[in-house]
Amino acid sequence: MSALPTPLTDEQVRNYREHGWILAPAFVPVQHVDLLRDSAQLAIDTMHAEMDRLGTNVIGINHRGKRYFSINTSLMNPQLFDFIYSPLMAGICKQLLGGDVRVFWEQYVIKGAETGMSFSWHQDSGYVSADSPHLPYLTCWVALDDMSYANGTISVLPTSRLGIKARVEHELDPATNDMVGYHGSDPGVQVQCPSGSLALFSSVTFHRSGANTTNRMRRVYLIQYSAGRIAKRDGSPWGRDEPLLVDGELVSPQRSPWPR
């Protein structure tokens, strides 16, 4: 097998370690951006079907027409594995996580036009139960549209600025079902970037997003990778549990048995 690329510079790797996040503008190849865009509507349609089945407009943090966190679209469209298991992503994971890496979570984050809801300050690890201790995992946030204040881009709180590099307890906001972990006044660093950009941040890095006030959807594809298995108390996987790298080598996609 040919050696994996090293997509990130030494400076980018240092910044990730120091600040808990980096932005790589226009980093994802056009063919992969197009691939990810093509499945965005499938993600929405799947969530609508589940809402219709349950007779509701709200499932967890999903709110019909306003925002969607649709998970595991690749299990319905395996073409997405071309990106998830691409040398680009495997190379990034090897640089930031090491030689043994697993696919942990996958979802689209889509805000509806004009009514797209904001999302509260949180750590991604805040959505993993405290009884599932884990190393910080890697969130790869792919902008499928140009991102701006107007369409509800993310803001990030660098760990070096906040001084927090571990999971903290979050509180449930009953109005939105968001888990909230920060109530301070720091506005963070707002990420404004073109489509195809890649924001990489640790699962203990706080971030939030604003409302989409434009007349177009705001689409993001998000894939998360972990260094090692993240399990529940009973030993079952918390999320996806598929090997990406084993001893530094990229392996073939394997569909996990999750969700159970």
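Structural remarks
- Every residue from segment 199-257 that is free of Cβ contacts under 8 Å to residues at least 60 places away in the same chain and among the charged types (D, E, K, R): Asp234
- Residue match in segment 24-39 (condition: at pLDDT 95 or above, under 16 Å from the mean Cα position of the chain (by Cα) and farther than 19 Å from Tyr108 by Cβ): yes
- Of Asn62, Asn57, all but one fail to be surrounded by 15 or more Cβ atoms within 10 Å (Cβ to Cβ), farther than 28 Å from Leu250 by Cα and in contact with a helix residue (DSSP H, G or I) (Cβ under 9 Å, 6 or more places away or on another chain); the exception is Asn62.
- Some residue of segment 189-202 being farther than 20 Å from Phe27 by Cβ and either part of a loop (DSSP other than H, G, I, E, B) or open to solvent by 10 Å² or more (accessible area, probe 1.4 Å) (or both): no
- Unmet criterion (only one of (1) open to solvent by 30 Å² or more (accessible area, probe 1.4 Å); (2) in a loop (DSSP other than H, G, I, E, B)) for Arg219: (2)
- Checklist (1) closer than 23 Å to Ala40 by Cβ; (2) of a type in the set (Ser, Thr, Tyr); (3) outside any strand (DSSP E or B) applied to Ser185, failing item: (1)
- Scanning segment 222-241 for residues being touching a Lys or Arg at 6+ places or on another chain (Cβ under 8 Å), assigned to a strand (DSSP E or B) and either closer than 28 Å to Ala26 by Cβ or of a type in the set (Gly, Ala, Ser) (or both) gives a total of 2.
- Segment 4-14, residues that are part of a helix (DSSP H, G or I) and open to solvent by less than 50 Å² (accessible area, probe 1.4 Å): Gln12, Val13
Per-residue answers, yes or no, for (1) hydroxyl-bearing (Ser, Thr, Tyr); (2) assigned to a helix (DSSP H, G or I); (3) open to solvent by 10 Å² or more (accessible area, probe 1.4 Å):
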site: Arg17; (1), (2), (3): no, yes, yes
site: Leu23; (1), (2), (3): no, no, yes
site: Gln31; (1), (2), (3): no, yes, yes
site: Leu42; (1), (2), (3): no, yes, yes
site: Arg53; (1), (2), (3): no, yes, yes
site: Ser70; (1), (2), (3): yes, no, no
site: Gly99; (1), (2), (3): no, no, yes
site: Phe104; (1), (2), (3): no, no, no
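- Answer residue from segment 145-158, given it is of a type in the set (Ser, Thr, Tyr) and closer than 11 Å to His207 by Cβ and is surrounded by the fewest Cβ atoms within 10 Å (Cβ to Cβ) among those: Ser155
The values are calculated or read from the model by the stated rules, or taken from the named source; none is laboratory data. Worth saying up front: this structure is predicted, and the values here are computed from it rather than measured. All Cβ positions, even for glycine, are placed from backbone atoms using ideal geometry, and neighbour counts span all protein chains on display. What goes into the accessible areas is simple: the full protein's heavy atoms, side chains included, and nothing from ligands, DNA or RNA. Shrake-Rupley method; radii C 1.70, N 1.55, O 1.52, S 1.80 Å.
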